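Structure, as structure tokens:
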Amino acid sequence: MLKTFKRSVMKMFRELLVYHNSSLEFRAKLLTLMISTDDEINECEKQKLKEIAHTIYSENQERAELLIDTVYEYHTKIVTNNGLDFEHLIAQVRREVKEVKRFCEKIDIGLLMQLHECMDEEDDEALFQLRIIEFLQELKHECRVA
């Protein structure tokens with residue numbers, strides 16, 4: 001009960017309470033780009049998301065859980081068309097990478113490809129995910145050149 005309450009408070013006030021909140025939210029946006037290519041998060045994606053979050057924040061389990069919650073929040077906003085759509089999310093990622101150069105280092109293609117393993121290669125969503133990966137690779141390349 002107390003743990004659930006604490007997570008709820010952290011989600012509501014993460015901008016104020018979470019150290020380097022912008023970094024966590026940027027990572028959540030990257031992961032959301034990968035899992036929101038279709039309207040549903042399948043079990044494989046849920047498991048991979050959990051593994052990725054705990055890999056990124058291996059020293060801080062609460063932060064890993066907050067990352068997962070933030071991804072679900074962004075995904076829900078996209079699916080329900082509640083103030084965020086996929087194109088807007090892509091634009092936010094592009095803008096944030098250009099404004100905060102350290103975010104380039106947070107684009108880990110290897111981790112993102114783990115989510116791609118959950119896709120059936122025959123689906124259009126799999127091809128769309130590959131386009132997202134290409135976009136992120138290009139953003140990362142632009143940072144190195146600049």
- request: Report the local net charge at V100: Lys and Arg +1, Asp and Glu -1, summed over other residues whose C-beta lies under 13 Å from its C-beta.
  value: +4
Set K29/K106; K46/K98; K46/K101; K77/K140 screened for pairs whose C-alpha atoms are more than 20 Å apart: K46/K98; K46/K101; K77/K140
message: On the principal axes of its Cα set, how long, how wide and how thick is the range 21-98? Give whole Å, largest value first.
response: 32, 31, 16
- prompt: Expressed as a fraction of 2.2 N^0.38 Å, the rule-of-thumb size for a compact globular protein of N residues, what is the C-alpha radius of gyration of the range 34-146?
  reply: 1.06
- request: Subtract the Cα-Cα distance of R144 and E125 from 0.36 nm times their separation in residues, and report this length gain in nm to one decimal.
  value: 4.0 nm
query: If you add up the charges near E138, with Lys and Arg at +1 and Asp and Glu at -1, over every other residue whose beta carbon is less than 12 angstrom from its beta carbon, what do you get?
result: +2
- request: Hey, could you grab the Kirkwood Rh for the range 89-146? Inverse mean 1/r over distinct alpha carbon pairs, Å, one decimal.
  value: 12.1
- line: In nanometres, the difference between 0.36 nm per residue of separation and the alpha-carbon distance of K50 and S22 is 8.1 nm
task: With a cut-off of at most 12 other beta carbons within 10 Å, and DSSP calling the residue loop, which GluC sites (Glu not before Pro) in the range 40-113 qualify? Please list them.
output: E40, E59
field: For D108, solvent-accessible area (1.4 Å; no DNA, RNA or ligand), Å²
entry: 70
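The values are calculated or read from the model by the stated rules, or taken from the named source; none is laboratory data. Fair warning: this is a prediction, and the values are worked out from it, not measured in the lab. Here the Cβ is made from the backbone with ideal geometry for all residues, glycine too, and neighbour counts use every protein chain on show. These accessible areas exclude ligands, DNA and RNA; they are computed on the full protein's heavy atoms, side chains included. Shrake-Rupley method; radii C 1.70, N 1.55, O 1.52, S 1.80 Å.
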